[in-house]
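*Asks:* Okay, here's the structure, questions in a sec.
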Amino acid sequence: MMRFLIIGVWALIVALGSSYASAYWAAGAAHGDGKPPALAGLEYRKLPTLTVPMIIDGTVKGYVLAKLVFTADSGVLRTLTVDPTVFVVDASFAEIYINGRVESGRLTKYNLQDMLGRIKAAANTRLNGSVVRDVLVDSLNYIDKADMRANGGSNAPAESEKPAKPNSHAKEG
């Protein structure tokens, strides 16, 4: 009887010890010498495609389509409580909307370095620190509103696609 009691206590100690060890390991407790993770470095994050309306004389004349990428220190990104992408998108939209230039239905030449520098500064100001290291252009295009409609941007059916008028002489039954 004493033998069964000792075996039971031994099994209980092993089960509790292994449960504690697995919970400690799964919780991410510090292992080893406390070095930072090996993946520290720059991280590139693509922003969603921005569609910025260009308003001239009170009407929308076209849209600037921008694909941007920003870089940030991956260690800093892991410590943030909010996603910096939202702030970079907001700063990018505001910069293009306010300082975007469209003349004669065409996108005029930008000073990209100044524009990207202002986006970086505005995003870092909102993030209270130096999070965004660099903002890069993937693509920057302008689409005239008339060109969008001509290429199928409008949901209105063409004249030939409109349904025929019902026959007023047909009997209802």
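The values are calculated or read from the model by the stated rules, or taken from the named source; none is laboratory data. This one's a predicted model, so the numbers in the text were calculated from it and none came from an experiment. With ideal geometry, Cβ positions are generated from the backbone for all residues, glycine too; neighbour counts draw on all protein chains shown.
*Asks:* Of all residues in region 43-77 being in a strand (DSSP E or B) and among the charged types (D, E, K, R), which is surrounded by the fewest Cβ atoms within 10 Å (Cβ to Cβ)?
*Replies:* Lys46
Quick grid of which residues meet (1) at pLDDT below 85; (2) among the β-branched types (Val, Ile, Thr); (3) over 18 Å from Leu47 (Cβ atoms); (4) exposed (fewer than 14 other Cβ atoms within 10 Å of the Cβ):
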| residue | (1), (2), (3), (4) |
| --- | --- |
| Gly100 | yes, no, no, no |
| Gly105 | yes, no, yes, no |
| Tyr110 | yes, no, no, no |
| Val135 | no, yes, no, no |
| Asp138 | no, no, no, yes |
| Ile143 | no, yes, yes, no |
| Met148 | yes, no, yes, yes |
| Ser154 | yes, no, yes, yes |
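*Asks:* Scanning region 40-80 for residues that are of a type in the set (D, E, K, R) and modelled with pLDDT of 85 or more, which turns out nearest to Asp144 (Cα to Cα)?
*Replies:* It comes out as Lys67.
*Asks:* Could I ask something else about it? Write out, first by first residue and then by second, each pair whose Cβ atoms fall under 9 Å of each other, whose residues are 6+ apart or on separate chains, and whose first residue, in region 70-98, is at positive phi while the second is among the charged types (D, E, K, R) and at pLDDT 90 or above.
*Replies:* none
This table checks each residue for (1) touching an Asp or Glu at 6+ places or on another chain (Cβ under 6 Å); (2) modelled with pLDDT of 90 or more; (3) farther than 30 Å from Gly75 by Cα; (4) in a helix (DSSP H, G or I).
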site	(1), (2), (3), (4)
Gly17	no, no, yes, yes
Trp25	no, no, no, yes
Gly28	no, no, no, no
His31	no, no, no, no
Lys35	no, no, no, no
